[in-house]
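Chemist: After the structure tokens below, expect a handful of questions from me.
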Amino acid sequence: MPQRLERIRMRLREDGLVRVDDLAEELAVSPATIRRDLEELESKNELRRVHGGAVRAGGLMEEPLFDDKTSRSPEEKKRIASEAVKLIHPDASIYIDGGSTLLELARLLRDWTQITVVTNSLRAAYELASGGPRLILVGGELRRRSQTMVGPLTRCLVEEIHLDQAFMGTIGLDADAGLTTTDPGEAFTKREVTARAREVILLADSSKIGAVSFAHSGGMEHLDRVITDRGAPASFTKLLKKKGIQLTRA
């Protein structure tokens, strides 16, 4: 058990976030055992539990490198993207935000030729650069960690357009803090985009629920729909219903 707890501590130091299912697989124990380990570490103020896992105690949710994010919960992200693509209408003008789940959505649009895609994500733009939708890339300051263009310069393009749908990502989604991310420049661009979309759809796996990061990128009242995985707690479902936000479980 001491070795298992130290392994969990190491993961928290490296990533800032651990997931029960990932730890159970890595350490070859049951999810129930991992939950008990997390309870013990929480009692020592070494972490704070969130739905599906835990984050470092006393710290805000941090953002892993983009390539590290793509390896986390890949099947959940693909299912979320598959549900999102069902909502897109022919001839629509849509926005694709940065993030690994949004990258999965972009991959599903390679053969869509009648829509317009606006994105600040270099990874999403690369997926669509060789063909498919009409593609508009938002300019601004490059944020290397997320591979996105962010900050006040992005307003030059974003304020000139109107979007049918904005498919957004987030680092944290909390009932009180709302939508949060790690970088103020990225938060700025997210707020600009959501203000210009008729429908805002958040794509977020359940590990984001209850998590809080540094920069406020919008209130939950700005969301029309949330697409998440089946690990989302019942309390979250009730919260969305109370706020009039539609929920899709992938």
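The values are calculated or read from the model by the stated rules, or taken from the named source; none is laboratory data. Not measured: the values here are computed from a predicted model. Positions of Cβ are backbone-derived with ideal geometry, glycine not excepted, and every protein chain shown enters the neighbour counts. Each accessible area value is taken on the protein alone, full model and side chains, heavy atoms only, with ligands, DNA and RNA left out. Shrake-Rupley method; radii C 1.70, N 1.55, O 1.52, S 1.80 Å.
Chemist: Between the range 214-247 and the range 154-183, what is the separation of their alpha carbon centroids in Å?
Modeler: 14 Å
Chemist: Now, a different point. Taking 41 Å as R0, compute the FRET efficiency from the Cβ-Cβ separation of GLU39 and ASP224 and round it to 0.05. Working shown, then result.
Modeler: Numbers: r = 36 Å, r/R0 = 0.88.
Plugging the Cβ-Cβ distance into 1/(1 + (r/R0)^6) gives 0.70.
Chemist: Hey, another quick one. For the chain, what does the alpha-carbon gyration tensor say about shape, rounded, prolate or oblate, given a ≥ b ≥ c as the root eigenvalues, a/c under 1.5 as rounded, and a/b over b/c as prolate? Mind showing how you got there, number by number?
Modeler: On the way: a/c = 1.82, a/b = 1.80, b/c = 1.01.
Note, shape of the chain comes out prolate.
Chemist: To the nearest 0.05, how large is the calculated FRET efficiency for ARG145 and LYS78 if R₀ is 22 Å and r is the Cβ-Cβ distance?
Modeler: Calculated transfer efficiency: 0.45.
Chemist: Please list, or write none, the lysines whose alpha carbon is within less than 20 Å of the alpha carbon of LYS241, excluding same-chain residues fewer than 8 places away.
Modeler: Correct list for LYS241: LYS208.
Chemist: With the full set of protein chains in place, find how many percent of the accessible area of the chain is carbon and sulfur; take the probe as 1.4 Å. Could the numbers behind the result be given before it?
Modeler: Details: 5700 of 11810 Å².
Carbon plus sulfur share of accessible area: 48 percent.
Chemist: Moving on to the next point. Going by alpha carbons, how many degrees (0 to 90, nearest 10) lie between the helix axis of 234-243 and the longest principal axis of the chain?
Modeler: Once rounded, the angle reads 40 degrees.
Chemist: Here's a follow-up. Helix 74-85 versus the longest principal axis of the chain: what is the Cα-based angle in degrees, 0 to 90, to the nearest 10?
Modeler: Helix 74-85 and the main axis of the chain meet at about 30 degrees.
Chemist: Over the chain, give the accessible area per residue in Å² for a 1.4 Å probe, as an integer. Walk me through the intermediate numbers first.
Modeler: Working: 11810 Å² over 250 residues.
Per residue, the chain has an accessible area of 47 Å².
Chemist: Which order, highest average first, do 145-155, 208-218, 103-113, 237-247 follow once you tally other Cβ atoms within 10 Å for each residue and take the mean per peptide? Before the final figure, lay out the partial values.
Modeler: Numbers: 145-155: 20.2, 208-218: 22.2, 103-113: 18.4, 237-247: 12.9.
Most protected by this proxy first, the peptides run 208-218, 145-155, 103-113, 237-247.
Chemist: Then there's this: Using only Cα atoms and rounding to the nearest 10 degrees, what angle (0 to 90) does helix 184-194 make with the longest principal axis of the chain?
Modeler: 50 degrees
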